[in-house]
1. Residue check: is residue A:54 more than 21 Å from residue A:148 (Cα to Cα), surrounded by 18 or more Cβ atoms within 10 Å (Cβ to Cβ), modelled with pLDDT of 95 or more and among the small types (Gly, Ala, Ser)?
2. All but one of (1) within 15 Å of the chain's Cα centre (by Cα); (2) of a type in the set (Val, Ile, Thr); (3) more than 30 Å from residue A:43 (Cα to Cα) hold for residue B:74; which doesn't?
3. Kindly list, by first and then second residue, each pair from a residue in the range A:130-144 that is among the small types (Gly, Ala, Ser) to a residue that is modelled with pLDDT of 95 or more and within 7 Å of DNA strand D (Cβ to nearest atom), limited to pairs with Cβ atoms under 7 Å and residues at least 6 apart or on different chains.
4. Which one of these is within 11 Å of DNA strand C (Cβ to nearest atom), of a type in the set (Lys, Arg), without any contact (Cβ under 8 Å) to a residue 40 or more places away in the chain and within 21 Å of residue A:105 (Cβ to Cβ): B:114, B:147?
5. Within the range B:84-109, how many residues turn out to be among the polar types (S, T, N, Q), assigned to a helix (DSSP H, G or I) and more than 7 Å from every other protein chain (Cβ to nearest Cβ)?
6. Quick check, is residue A:91 more than 11 Å from DNA strand D (Cβ to nearest atom) and touching a residue at least 40 places away in the same chain (Cβ under 8 Å)?
7. Starting from residues that are closer than 21 Å to residue A:34 by Cα and within 15 Å of the chain's Cα centre (by Cα), keep the ones in the range B:117-144 and report whichever is nearest to DNA strand C (Cβ to nearest atom).
Number of protein chains: 2
Amino acid sequence: MREIKVKKGQILQHKGDINTRVYKVKSGLLRSYSIDDKGKEHIYMFAPENWIIADNCETSTPCNLFIDALEDSVLLISEKEEEIRNAKVKSLVNRLAALQDRILGLMSSPSIERYKKFLETYPAITQRVPQRMIASYLGITPEALSRVRKEISLEK
Amino acid sequence: MREIKVKKGQILQHKGDINTRVYKVKSGLLRSYSIDDKGKEHIYMFAPENWIIADNCETSTPCNLFIDALEDSVLLISEKEEEIRNAKVKSLVNRLAALQDRILGLMSSPSIERYKKFLETYPAITQRVPQRMIASYLGITPEALSRVRKEISLEK
DNA sequence: GTTGTGCATTGATGTAGATCAAGAAATGAA
DNA sequence: TTCATTTCTTGATCTACATCAATGCACAAC
């Protein structure tokens, strides 16, 4: 378990790496994302202070995700094996609950609802990343998010 | 931890219930699903033999999911608290990995790719449930799945 | 200052998949 | 068996969101 500092833009993990590390964010902001066949980025998660981020793939298989820093950050790095020994079941179950919500949202809610929920759930993130990244997290294009925001502003 | 038998169609858990139970399937097949504002069902998961199924919500809060039996089944019921004590971190991490795949698939793959992957990943389930339920799991309508299947049959 | 470079917005058009409606085929019950 | 119910398919139309393209803005580098 050691501490490192990374600069904004630095890539910690590439897709295809065999990476056995887990990152805990002490300060700053990381994200994980995939790049699809057409070269499009899809953000899987944001990790601000006190969050833990890693690819959930098997310890020995190549990662599916990239992880990089959206802000200058300070991280604690630990090995997955160690993490598996220390992880609290409770916090994993909470994470399962969040993913369940995300899946059901993707299947049943239109983009405007997903965006409103994001604003409620992660108000701090909204201030810290460009809108196109929120769009990517929501599974829509920046253009679509821009129109959603316009529609919300007209509702008021 | 007790064993019960349930008939096909029997509902084990309603959305809104405070349900602290976890079901392990000894034989048969369960599913969990939500119903959205427009009354549409969205299947969250299928649980065949040896799978564990439950709503991932907080122990004390109302569930988001329905759980029912798609076949006559034999189940082992345990309490969530007990389950949290006994759960293996490894199996939870595997589940996280599966959900990660599902989310990235919903965001980046067209329905035909999601269906092909489903066939590879859960070939047994395909034989046991009506197609409209697979459509529901994939986040598309039965009509759309029917057309996807037609397209696949023409590819060959 | 000027000249990028990335981001947000807006408009025009395209498309995957939804919805609606009708038949056909399979399944189950009496 | 027959009748009813559910499931699957097919066609016509609709819509949410994507794509493509142009413009305006902010902010950083020089």
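The values are calculated or read from the model by the stated rules, or taken from the named source; none is laboratory data. Remember, predicted model here, so these are calculated numbers, not experimental data. So basically every Cβ, Gly included, is an ideal-geometry build from the backbone, and we count neighbours across all protein chains shown.
1. no
2. Going through the list (1) within 15 Å of the chain's Cα centre (by Cα); (2) of a type in the set (Val, Ile, Thr); (3) more than 30 Å from residue A:43 (Cα to Cα), residue B:74 breaks only (1).
3. Between residues of the range A:130-144 that are among the small types (Gly, Ala, Ser) and residues that are modelled with pLDDT of 95 or more and within 7 Å of DNA strand D (Cβ to nearest atom), the close pairs are A:135/A:141; A:135/A:144; A:144/A:111.
4. Within the list B:114, B:147, the selection yields B:114.
5. 3
6. Working: more than 11 Å from DNA strand D (Cβ to nearest atom): yes; touching a residue at least 40 places away in the same chain (Cβ under 8 Å): no.
Answer is no for this residue.
7. Within the range B:117-144, the subset closer than 21 Å to residue A:34 by Cα is B:117-118, B:121, B:138-139.
Still in the running and within 15 Å of the chain's Cα centre (by Cα): B:118, B:121, B:138-139.
Details: B:118: 13, B:121: 18, B:138: 8, B:139: 6 Å.
Only one residue fits best here, namely B:139.
Rundown of residues vs (1) over 19 Å from residue B:104 (Cβ atoms); (2) touching a Pro at 6+ places or on another chain (Cβ under 6 Å); (3) among the aliphatic types (A, V, I, L, M), yes/no style:
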position: A:4; (1), (2), (3): yes, no, yes
position: A:9; (1), (2), (3): yes, no, no
position: A:13; (1), (2), (3): no, no, no
position: A:17; (1), (2), (3): no, no, no
position: A:21; (1), (2), (3): yes, no, no
position: A:26; (1), (2), (3): yes, no, no
position: A:30; (1), (2), (3): no, no, yes
position: A:33; (1), (2), (3): no, no, no
